[in-house]
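Asks: Okay, handing you the structure first.
Only the coordinates and a few stated rules stand behind these numbers; no lab work does. Computed from a predicted structure; not experimentally measured. Every residue, glycine as well, gets a Cβ built from its backbone with ideal geometry; the counts of neighbours run over all protein chains shown.
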Amino acid sequence: MEISTPGRICLFGEHQDYLGLPIIAMAISLRSYIKGDKATNKQVTIRKPDLDHTESFFLDDLEYDNPRDYFKSGIKVCMNEGLSFSHGFNCEVSSKIPIQSGTSSSSAIMVSWIHFLCKMADQPAEWDLNKIAEIAYKAETLEFDEPGGMMDQYTTSIGGFIHLESQPNIKVEKINAKLGTFILGDSLEPKDTMRILSRCKDSRLEIIKKLEFRNPGIDFNSCDANHDLTNLDKDEKELYFGTIKNKEILNEALLELNKDMIDHKIIGKLLNDHHSVLRDILQISTEKIEGMLEAALNAGAFGGKINGSGGGGCMFVYAPENPERVAAAIDNAGGKSYLIQSDLGTKIEK
């Protein structure tokens, strides 16, 4: 059996989903693949030719050997959901998604793995795409107490454009927009995802704690300019209002994306507005990514932003017109470009 799953870009709501705030994201036409069969024993062998590495363990020894032992956690969470496995697997993992660059390469592999496991269990499960996303989120994020949200798992599992609300309950709506071509640009700069996520998340959680004294019951969904901000210093107020600004940008984008006739230049402008908050207030951009964005906009892109946790990794721009010229501009600025479009979610290839 072979399963493929797309990567993703976050259009609106970057660094908001782990606060329980909505996001708009798009599954992209770069995919990861897991192919494999049942083994004759209880050994699980996973070949990773892209990394020149092979991982191997046994089903009766699922103790974690590292802080992100995802193949084991996937099996454990599936077993907690009632699946059983009397045989191990011989698998190969490959991916066209840039690795550790903010495009959900790890989540795409996890979603593929959960999809593979539910079909290869002793009693195969007919999990829908939402269920696969839920289990992948448990296995990747909750199992290791990581700070990320659930955008990655739901976008890569469901595919297309989605509007995801995680509070007070998980709600996913497909957006049937036809936007055409985006250009993903890998800066080829390494990034420290966990450090950045923790900093951007923890600082805002502390703001909410401070506000609760004068604003009982406040949370990020209820934040607005009318709350008593006496307990906040200048930097905290800037971060607070930046979070509100990103909520407003998303709401404006959602209205536009649901129109019969979308103004594509408005979408580009809103991407630029969102990036300004990420760059100036959350301070997650880099000099190289700024150069790549500037080059792409000068070449005709309608707008763009940094993608993922930041501090390196990828950016993208919306370029439905002359995408090849925009891609060349990103390459000339030192990045590696990929022409991408919206794509289907996780699926069985064969």
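Asks: Relative to the longest principal axis of the chain, what angle (0 to 90°, nearest 10) does the C-alpha long axis of helix 264-280 take?
Replies: Between the helix axis and the principal axis of the chain, the angle is about 90 degrees.
Asks: Rounded to the nearest 10 degrees, what's the angle between the helix 287-298 long axis and the longest principal axis of the chain, both from Cα atoms, 0 to 90?
Replies: Roughly 70 degrees, rounded to the nearest 10.
Asks: Moving on to the next point. Given 5 Å bins starting at zero, what is the percent of C-alpha pairs of the stretch 182-340 in each, up to the one with the largest pair distance?
Replies: 2, 9, 17, 17, 16, 15, 11, 7, 4, 2, 0
Asks: Another question about this same structure. For the chain, what is the mean residue ellipticity at 222 nm derived from helices alone (per DSSP H run of n ≥ 4: -39500 (n - 2.57); sum divided by total residues; nearest 500 deg cm²/dmol)?
Replies: -11500 deg cm²/dmol
Asks: Suppose the chain between T40 and T230 were pulled fully straight at 0.36 nm per residue; how much longer would it get relative to their current alpha carbon spacing?
Replies: Net length gain for the segment: 61.8 nm.
Asks: In the chain, what percentage of the DSSP-assigned beta bridges are antiparallel, given to the nearest 5?
Replies: Just about 95 percent of them are antiparallel.
Asks: Now for a separate question. Taking the Cα centre of the chain as the origin, how large is its charge dipole in debye, to the nearest 20, when only Lys and Arg (+1) and Asp and Glu (-1) carry charge on their Cβ atoms?
Replies: 460 debye
Asks: Additional query: Starting with the fewest neighbours, write out S4, S56, S94, S342 ranked by other beta-carbon atoms found within 10 Å of each beta-carbon.
Replies: Ascending Cβ contact count within 10 Å gives the list S56, S94, S342, S4.
Asks: Moving to a separate point now. Between the helical axis of 193-212 and the dominant principal axis of the chain, each derived from Cα atoms, what acute angle in degrees is found, rounded to the nearest 10?
Replies: Taking Cα atoms only, the helix is inclined about 60 degrees.
Asks: Using packing as a proxy for protection, rank 180-191, 214-225 so that the peptide with the highest average count of other Cβ atoms within 10 Å comes first.
Replies: Highest mean packing first, the order is 180-191, 214-225.
Asks: Another one. Per-residue HN-Hα couplings for the stretch 150-163, Karplus 6.51 cos²θ - 1.76 cosθ + 1.60 at θ = phi - 60°, whole Hz, x for Gly and Pro?
Replies: Karplus values, whole Hz, x for Gly and Pro: 10, 4, 4, 5, 6, 5, 6, 6, 7, x, x, 9, 10, 10.
Asks: On a 20 Å Cα-Cα criterion, which of the cross-link pairs K38/K119; K35/K336; K138/K178; K305/K336; K38/K76 come out too long?
Replies: K35/K336; K138/K178
Asks: Normalised by the residues of the chain, what does the relative contact order come to in percent, with Cα pairs under 8 Å and at least six apart?
Replies: Taking the mean separation of contacting Cα pairs over the length of the chain, I get 25 percent.
Asks: Contact order normalised by length for the stretch 182-340, with contacts defined as Cα pairs under 8 Å and 6 or more residues apart; what percent is it?
Replies: 37 percent
Asks: Over the stretch 2-177, what is the relative contact order in percent, taking alpha-carbon pairs closer than 8 angstrom and at least six residues apart?
Replies: Relative contact order comes out at 30 percent.
Asks: Testing the spin-label approximation: label points 7 Å from Cα along Cα→Cβ at N221 and E2. State their distance in nm.
Replies: The modelled label-to-label distance comes out at 4.2 nm.
Asks: Let me ask something else about it. What pairs from K201/K237; K210/K247; K131/K201; K191/K245 go past 19 Å between their alpha carbons?
Replies: K210/K247; K131/K201; K191/K245
Asks: Give the Kirkwood hydrodynamic radius (Å, one decimal) of the stretch 1-133, defined as one over the mean of 1/r across all pairs of different Cα atoms.
Replies: After inverting the mean inverse Cα-Cα distance, the result is 15.7 Å.
Asks: Modelling each spin label as a point 7 Å along the Cα-to-Cβ direction, I'd like the I262/M194 distance in nm, to one decimal.
Replies: Taking the two extended label points, one gets 3.6 nm.
Asks: Cα-based Rg of the chain per 2.2 N^0.38 Å, rounded to two decimals?
Replies: Here the answer is 1.01, to two decimals.
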